[in-house]
Structure formats: structure tokens, C-alpha cells
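The values are calculated or read from the model by the stated rules, or taken from the named source; none is laboratory data. A quick note: this is a predicted structure, and the numbers were derived from the prediction, not measured. When we count neighbours, we look across all protein chains shown, and the Cβ atoms used for this are built from the backbone with ideal geometry, even at glycine. What goes into the accessible areas is simple: the full protein's heavy atoms, side chains included, and nothing from ligands, DNA or RNA. Shrake-Rupley method; radii C 1.70, N 1.55, O 1.52, S 1.80 Å.
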Amino acid sequence: MTALATEGLSRDFGGFRAVAGIDLVLAQGARHAVIGPNGAGKTTLVNLLTGALRPTAGRVRLGGEDVTALSQHARVKRGLARTFQINQLFPEFTPVQAVTLALLEREGLTARWWRPVSAHGAVVAEARALLDSLRFAPAEMRAATRSLPYGRQRLLEIALALALRPRVLLLDEPAAGVPPGESRAVLDAVAALPRDVTVLLIEHDMDLVFRFAERITVLAQGAVLVEGPPAEVARDPRVREVYLGEPAHG
Amino acid sequence: MRLALEAAFWLLALASHWLLPEQLPLLGQVWIVALFVLSLDLLVGFAGVLTLGHAAFFGLGAYAAGILAQQGWGEPLSGLLLAALLAALLGLVTAPLVLHGGDLPALMVTLGLSLMLAEAANKLPGITGGADGLLGVEMWPVLGLFRFDLFGRTAFFYALAVLFLLFLLARLITASPFGLALRGIRGNARRMPALGTPVRARLVAVYALSAAYAGVAGALLAQTTQFVSLDALSFQRSAEGLLMLVLGGLGALYGALLGAVAFTLAHHILSEMSPLFWQFWIGVALVGLALAGRGGLLGLGALLLRRGRA
Ligand SMILES: Nc1ncnc2c1ncn2[C@@H]1O[C@H](COP(=O)(O)OP(=O)(O)OP(=O)(O)O)[C@@H](O)[C@H]1O
Ligand SMILES: [Mg+2]
């Protein structure tokens with residue numbers, strides 16, 4: 001069954017075509033990576049999939065439903081979650097507060113005004129358990145997000161998406177900028193994603209991509225250059241030329 | 001500790017009736033202004049929506065309650081209810097305009113709407129009394145029991161009671177999931193839709209809520225002074241409300257109360273010395289507090305308390 005698909009998805013900025021007619025199909029439970037050089041249109045693609053940007057042309061299908069006209073939050077309610085390449089966190093919240101907020105939203109409770117958050121004890125407990133499973137120390141859970149090391153913030157970025165219990169998860173360079181000493185926890189979190197979740201991973205770290213992905217799409221200048229299993233993509237001379245900056249031989 | 005401080009605050013507010021018996025009318029005004037600043041705190045401090053025109057709701061509430069009483073229905077609580085409903089309605093109608101763009105458009109639109117309303121009130125003397133103000137506001141006793149008296153005693157307790165009840169409601173709301181979502185929107189408006197939050201709907205709700213609070217504050221002023229002037233809609237009221245909020249501390253309910261109390265009392269004391277003096281010192285205080293962050297007097301107090309204990 002198809003979890004996520006696009007048809008002719010395009011997006012222009014002024015006269016510049018950042019995403020150019022992308023057709024993509026992710027089966028349920030897929031482990032799919034999108035790679036490509038800087039400015040290839042990867043983040044723009046994610047923004048089109050989530051509804052943060054409107055496409056200039058083309059459609060997005062989520063679980064068989066055409067969601068092209070739906071807002072971001074409506075797509076989230078249908079099981080689509082994402083992380084951001086540049087952290088989008090709540091600097092003053094503690095991780096427990098932030099994850100609690102995500103869980104309350106998942107449960108459709110953020111219009112409730114007549115009971116304190118603390119009265120939703122099960123939700124707060126679930127937030128702690130989720131952070132615990134990502135190996136947040138108790139003291140880290142209670143610290144203001146802005147005071148956490150960058151690697152922890154990156155992990156919280158993933159935690160907020162996981163809290164939504166998505167069916168389809170889009171990860172935009174989850175390990176970007178994480179110092180080697182802290183990257184392990186992030187990579188483990190990606191590896192430990194539940195098998196039934198469909199994952200689209202955008203990543204520059206080739207080790208991670210080849211360890212994780214069952215299929216790889218290579219983008220260049222907004223269009224699909226190559227798509228296939230990792231071994232095939234790795235052999236492809238066009239990929240070497242465009243992505244790895246090596247001239248093609250033959 | 002926290003609860004003890006809260007209790008102390010409200011007991012002191014109540015005790016001021018006996019501590020400053022000569023100043024009851026002024027204290028009654030303080031509670032009304034505090035309610036207005038509280039309404040701003042819900043919107044600006046918690047949800048992060050900026051406004052320069054909140055007097056529109058205050059004034060609408062004042063005129064609604066005033067005209068209701070002038071037309072022969074002087075029951076105070078129904079005046080408050082009418083003011084809250086009309087202000088909330090105006091909030092619902094104007095929210096899409098205010099929330100359309102970013103901070104700057106919000107400032108311009110709120111300012112523009114409040115100026116339009118003030119000018120409309122000025123140009124409709126048949127309804128509002130225009131520049132002469134709304135006269136002939138006759139109030140019935142509160143709950144059928146307490147007549148408004150010349151010393152401002154009933155006004156003092158009435159305004160304080162309404163402030164207290166609406167404060168409790170605000171405390172409940174800000175501690176709720178809805179309140180957490182509002183703070184989330186202020187903290188990161190880009191993340192919220194990615195969590196599935198309909199950001200626009202939440203902001204419209206808090207905008208209407210805040211408008212209703214401001215409307216009740218205006219109604220209280222009309223009822224306790226039995227008069228409404230164009231001042232109720234003035235830009236100065238909107239601006240001073242923001243000043244008091246920044247002074248007291250944004251995004252903390254007691255900051256709003258503290259700011260209103262400190263500002264009004266300081267204004268009263270200092271402006272008797274010299275008006276220039278007052279403007280100068282409020283300027284100094286504002287620059288100092290703005291540089292210190294969004295904590296205001298409340299943040300300063302908490303800091304001193306921590307230092308004291310350490
Ligand atoms: N809002 C925007 N307005 C104008 N141009 C944009 C906008 N967003 C992206 N672009 C342009 O579109 C192109 C694709 O950007 P995008 O961020 O999608 O690339 P990317 O593949 O994610 O790159 P990176 O690997 O650096 O994250 C770039 O040339 C970028 O400058
Ligand atoms: Mg990118």
C-alpha cells in the first residue's frame with residue numbers, strides 16, 4: 001500500500017524552479033532517503049509534503065487521500081509528522097513541557113481550558129517515558145530547552161515528531177551539525193524508529209543513508225536524477241558526478 | 001511558598017480598604033486598570049500577539065454598560081455580561097484582520113481599528129454623548145444589595161471581586177492545555193502547525209477572550225464612575241496598558257497586576273509633584289526594565305528572592 005506519493009510536484013520562487021515535477025512513491029513502512037547537493041530542493045520538497053508551502057503545480061497523496069489543498073495541521077492529524085533541518089523548538093519550555101504539548105495536540109486536547117495540564121497526568125507521564133526512551137537524563141528533562149547541548153536539542157526535535165505517533169515521518173537532516181560525541185543518540189533514535197512507520201530521510205551523512213535506506217532518490221536542481229536501491233545508486237556515474245563532485249568516467 | 005505569596009497579595013489588596021480609607025476611589029480604579037492589563041497579558045504576554053488598540057474593547061465595554069444603564073436597566077452584572085459579549089464579538093470579527101500578517105501589521109491594524117472606533121464615538125453624540133461624555137448612567141445596587149456610595153466603598157469591593165474572579169479564571173486557562181498551546185505559539189509559531197495545532201483558531205479564541213476581559217474592565221469603569229468619556233477609547237489607554245504590562249512582567253499573571261498597581265500608584269504620587277517628573281521616571285523605569293528582559297517588576301522580585309535565599 002502507498003503511504004505517501006507525489007505527482008508532478010513543483011514549486012517556483014519567483015522565476016526560479018526549486019522543485020521541478022517530482023514523482024515519488026513511498027510504500028507503507030518504507031525506509032526512503034532523499035539525497036542531493038546543497039540547494040537541490042530537499043527541504044522545499046519536505047515543505048511541500050507537509051503543506052508548509054503550497055505547490056506551484058502537482059499533487060500530494062497521503063495514504064491514498066489527496067491532501068494537496070489541506071493545511072499543515074490537517075495533514076498532521078492524518079498521520080504526517082516532520083522534523084526541521086534548523087531546530088524549531090520552544091526555547092523556554094523544558095523538554096517535558098514541549099513533548100507534553102505535542103502529546104496533548106495528538107490527543108486533540110489543546111482547546112481544553114478548564115483543567116490544568118498537570119491534571120492530564122497520563123500525558124505528562126507519557127512525555128517523560130518518551131524522553132526516557134531517548135535517554136534524556138531526568139535533569140535534562142527539566143531544564144530549559146535553550147540551555148541544552150545542541151545534540152540533545154536535535155534529539156528533542158525528533159522526540160516532538162515521535163510524540164505525534166506518525167504513520168509517515170519526514171526527517172530533514174536529523175544529524176546535521178551534531179558533534180561526533182553526541183551524534184550516536186540521534187543515529188540510534190533514527191535506527192530505532194518503529195518498523196510500521198514510513199520514513200523519508202534527508203541526509204548528507206552517507207554512512208547513515210546507506211545503513212538506513214532501502215531506496216534512495218537523488219535530487220539535483222529540483223528534479224529526480226536517479227532513484228533505486230542503495231547499491232545501484234552508489235554505482236551510478238551521474239550521481240558521482242552531480243552529488244560527489246567527481247567527473248563521470250565513461 | 002507560592003500560594004502564601006498569592007494569598008498575601010489578595011489579602012493586602014483587600015486590606016488596602018482599611019489601610020488607605022481616603023483613597024477608595026483611586027484603589028477602585030487600580031482594580032479596573034489591573035483587569036485591563038490582565039486582558040493584555042493574556043493576548044500579548046501569553047500568546048505573543050501585539051496590539052496598540054486594546055482600548056477599543058475597553059471603550060466598547062464601557063459604552064455598552066453605560067448605555068444599558070442610561071436606557072433604564074441599571075443592573076450591574078448584566079452590564080458586565082453585555083460588555084463581555086459585545087467586546088468578544090468585536091474581537092471575533094476583527095481577529096482575522098489583526099492576525100493576518102506579522103507583528104507590525106498587527107500593531108497597525110489594532111491601532112487603526114481603535115482610532116476608527118474612537119472617531120465613531122466622537123461623531124455619534126446622540127448615542128455616546130460625544131465629547132461631553134455619556135451622562136445619566138444610573139446604577140442599581142450590586143446583587144440588589146450594595147448601593148454605589150459617594151466614598152467609593154461599593155465600587156472598591158465590586159471591582160476587586162470581579163478582578164479576583166476573572167483572575168482565577170485566567171489562572172485556570174493559562175495553566176490548561178489551551179494555555180500551554182498559546183505559550184507554544186509565542187515560543188515557536190512555526191513549530192505549532194507541525195504539531196497539528198490550528199494556530200489561527202487558537203489565536204482567534206484568545207483574542208476574543210482578551211477582548212471580553214477588556215470589555216468587562218471598561219464596563220466596571222462606566223458603572224463605578226457612572227460616566228463614560230471618549231478617554232475610554234483613547235490611544236493613551238492602549239499604550240499605558242502595554243507600559244504597565246511591561247513594567248510588571250509579561251506572560252505572568254501577577255506581573256499584570258503588579259504593573260497596574262505600581263504604575264497607577266506611582267502616577268498618582270509623582271504627578272502631584274510634577275507631570276514632567278512623572279514622564280521622566282516612567283521613561284527611566286521602562287528603559288531599565290526593557291533592557292533587563294521580559295520579567296519586569298515580577299522578574300526582579302523573583303530574582304531578589306532567589307538571591308536572598310542563596
Ligand atoms: N522561501 C524561498 N524563497 C526563495 N528561494 C528559496 C526559498 N526556499 C528555498 N529557496 C531556494 O530553493 C533552492 C532549494 O532550497 P532547499 O532549501 O530546498 O535546498 P536543500 O536541498 O534543502 O539544501 P540544503 O542541503 O542546503 O539544505 C535553493 O536554491 C534555495 O535558495
Ligand atoms: Mg535543506
Please identify the pairs in which a residue from the range A:171-183 that is within 14 Å of chain B (Cβ to nearest Cβ) and within 23 Å of residue A:31 (Cβ to Cβ) has its Cβ atom under 6 Å from the Cβ atom of a residue that is within 13 Å of ligand 1 (Cβ to nearest atom) and open to solvent by 20 Å² or more (accessible area, probe 1.4 Å), counting only partners at least 6 apart or on another chain. A:172/A:43; A:172/A:85
Identify all residues within the range A:107-119 that are within 7 Å of another protein chain (Cβ to nearest Cβ) and in contact (Cβ under 8 Å) with a residue 12 or more places away in the chain; write none if there are none. A:109, A:117
Considering only residues that are surrounded by 12 or more Cβ atoms within 10 Å (Cβ to Cβ) and not basic (Lys, Arg), which ones fall in the range B:294-310? B:295, B:296, B:297, B:298, B:299, B:300, B:301, B:302, B:303, B:305
So, in the range A:95-137, how many residues would count as being part of a loop (DSSP other than H, G, I, E, B) and closer than 13 Å to residue A:160 by Cβ? 2
Output the number of residues of the range A:35-78 satisfying the condition of being among the hydrophobic types (A, V, I, L, M, F, W, C), farther than 24 Å from residue A:165 by Cβ and within 16 Å of ligand 2 (Cβ to nearest atom). 3
Selected residue (only one of A:36, A:14 is touching a strand residue (DSSP E or B) at 6+ places or on another chain (Cβ under 9 Å), modelled with pLDDT under 95, over 24 Å from residue B:192 (Cα atoms) and within 16 Å of ligand 1 (Cβ to nearest atom)): A:36
Can you pull out every residue in the range A:87-106 that is surrounded by 23 or more Cβ atoms within 10 Å (Cβ to Cβ) and facing chain B (nearest Cβ under 9 Å)? A:90, A:98, A:100, A:101, A:102, A:104, A:105
Can you work out which of the residues in the range A:69-92 that are without any contact (Cβ under 8 Å) to a residue 40 or more places away in the chain and within 16 Å of ligand 1 (Cβ to nearest atom) is farthest from residue A:59 (Cα to Cα)? A:86
With (1) surrounded by fewer than 22 Cβ atoms within 10 Å (Cβ to Cβ); (2) within 10 Å of chain B (Cβ to nearest Cβ); (3) part of a loop (DSSP other than H, G, I, E, B) as the list, and residue A:84 as the residue in question, which single condition is left unmet? (1)
Candidates A:72, A:88 - the one that is under 22 Å from the mean Cα position of the chain (by Cα), within 21 Å of residue A:176 (Cβ to Cβ) and at pLDDT 95 or above: A:88
With respect to residue A:20, determine if the residue is in a helix (DSSP H, G or I), away from chain B (no Cβ under 14 Å) and open to solvent by 20 Å² or more (accessible area, probe 1.4 Å). no
Applying the selection to the range B:186-201, what residues are on the phi < 0 side of the Ramachandran plot and facing chain A (nearest Cβ under 7 Å)? B:187, B:188, B:190, B:191, B:193, B:194, B:195, B:197, B:198
Counting only residues that are on the phi < 0 side of the Ramachandran plot and open to solvent by 60 Å² or more (accessible area, probe 1.4 Å), give me the helices (runs of 4 or more DSSP H) lying completely in the range B:1-105 with at least 3 of them. B:2-19, B:76-98
Qualifying position, being within 13 Å of chain B (Cβ to nearest Cβ), open to solvent by 40 Å² or more (accessible area, probe 1.4 Å) and over 17 Å from residue B:182 (Cα atoms), among A:59, A:128, A:78: A:78
Subset of the range A:39-53 that is of a type in the set (S, T, N, Q) and within 14 Å of chain B (Cβ to nearest Cβ) - its residue that is nearest to ligand 1 (Cβ to nearest atom): A:43
